[in-house]
1. If I compute Cα extents along the principal axes in Å from the structure I just sent, which labelled value in [x] 47, 45, 39; [y] 57, 48, 38; [z] 63, 49, 36 lines up?
2. Take M318, M208 and order them by how many other Cβ atoms sit within 10 Å, fewest up front.
3. Please list, in chain and number order, the residues 5+ apart from V269 or on another chain whose amide H is under 5 Å from its amide H, with Hs placed from the backbone.
4. How much net charge surrounds V33 when only other residues with a Cβ under 13 Å from its Cβ are counted (Lys, Arg +1; Asp, Glu -1)?
5. Report, by chain and number, residues whose modeled amide H sits under 5 Å from the one on T103, excluding near sequence neighbours (fewer than 5 apart, same chain).
6. When the chain is treated as a GNM, springs tying every alpha-carbon pair under 10 Å, which of A251, A184, A81 comes out with the largest mean-square fluctuation?
7. Can you compute the helix-only [θ] at 222 nm over the chain? Use -39500 (n - 2.57) per DSSP H run of at least 4 residues, normalise by all residues, nearest 500 deg cm²/dmol.
8. Over 32 Å between C-alpha atoms is what I'm after, so list which of K224/K280; K87/K316; K35/K316 land there.
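Any read-out appearing in this document is the output of simple, stated calculations on the displayed coordinates, not a laboratory observation. Predicted model, so just to flag it, every value in this text is computed and none were measured. When we count neighbours, we look across all protein chains shown, and the Cβ atoms used for this are built from the backbone with ideal geometry, even at glycine.
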Amino acid sequence: MKQKETNPFFYSDDNKRYHTLAYDHHRRFGRRVYKAALDAGFTCPNRDGTRGASGCLFCKGGSGYFTKGALPVSAQLEAEAARVGAKDPAAGIIAYFQAGSNTYAPVEALRAQFEPVLLHPKVCGLSVATRADCLPEPVLDYLADLNRRCSLTVELGLQTTNNETARGIRRGHDFQTFLVGYQALKDRGIRICVHLICGLPGENETQMVESARVLGALRPDGVKLHLLHVIEGTDLAALYRAGAYTPLTKAAYVETVARQLEQLPPETVVERLTGDGDRKTLLAPLWSRDKRRVLGEIDQVLYRWGTYQGYAFLGKGMSPDRENK
């Protein structure tokens, strides 16, 4: 890689050609900040029978692989604070309510979980993962109040803008429902991070890139790009074993992500470029275990193509060296 002075991407202080979370944290908080993954025991309308009983095709327990859900939230937070402190004693913590749909409860129940963590001396922000169909007015009003008192991010799991794909994975709501929830948060000035998944059954690269293009036009504050993992015990695992689902290759994933980054506004923070599958239950793709290599190859593709986050969004069309990749 060449030195920083040759990097055409503005939101970077190194060779990264996308807007990293580390870069954003440094400018927002002035120090290193880590997320503390928490499980408050919230369920989901797609699992409790309201919209479905089996959850999404790939879901196993609501993304709580890396939480200590058997413990009270206060104990989970202390354990995470110790983990972060061992890495960097001066680092701050964003309390990340990750597992389940964390606005799918009465306001009193949300308040009982969120308010105590804000008192922790290491906590400098709050991140709440949820669905766009779990944002009734009283919850929105409470989130607006939280937003006035702390650095708040609401993470919305969209996964795809394609309604046919959403039905196929049993998402439980369509893109229009997402837009309603998204706009309600925007109207209240709340920071939003949206999740997309690459490799959903039936989707090709063009459709995955289109989801990024459509989402980019909404100018989200943050985006997480995930790889679809096949996890033991999910319905996706049964399809995989039956030969009815083939995961993305590493090369396909890397190039798809590079194209998606081109579609996102430069100011949108890329909070993740590949997800983590539980190593104990991950069936495929096994290449995803080497995150450092995947991230390195994304960097290399962006450099080789002469492109960067926002290249297409800014109207520059196809990256200069795409045809010579």
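1. [y]
2. Values: M318 13, M208 27.
Lowest count first: M318, M208.
3. For V269, the qualifying residues are G222, V223.
4. Numbers: positive: R27, R28, R31, R32, K35, K87, K122; negative: D24, E80, D88, E271.
Net of charged neighbours comes to +3.
5. R131
6. Residue with maximal mean-square fluctuation among A251, A184, A81: A251.
7. On the way: 10 runs with 117 residues, N = 325.
Helices in the chain give a 222 nm mean residue ellipticity of -11000 deg cm²/dmol.
8. Details: K224/K280 23 Å; K87/K316 41 Å; K35/K316 35 Å.
K87/K316; K35/K316, as the Cα separations exceed 32 Å there.
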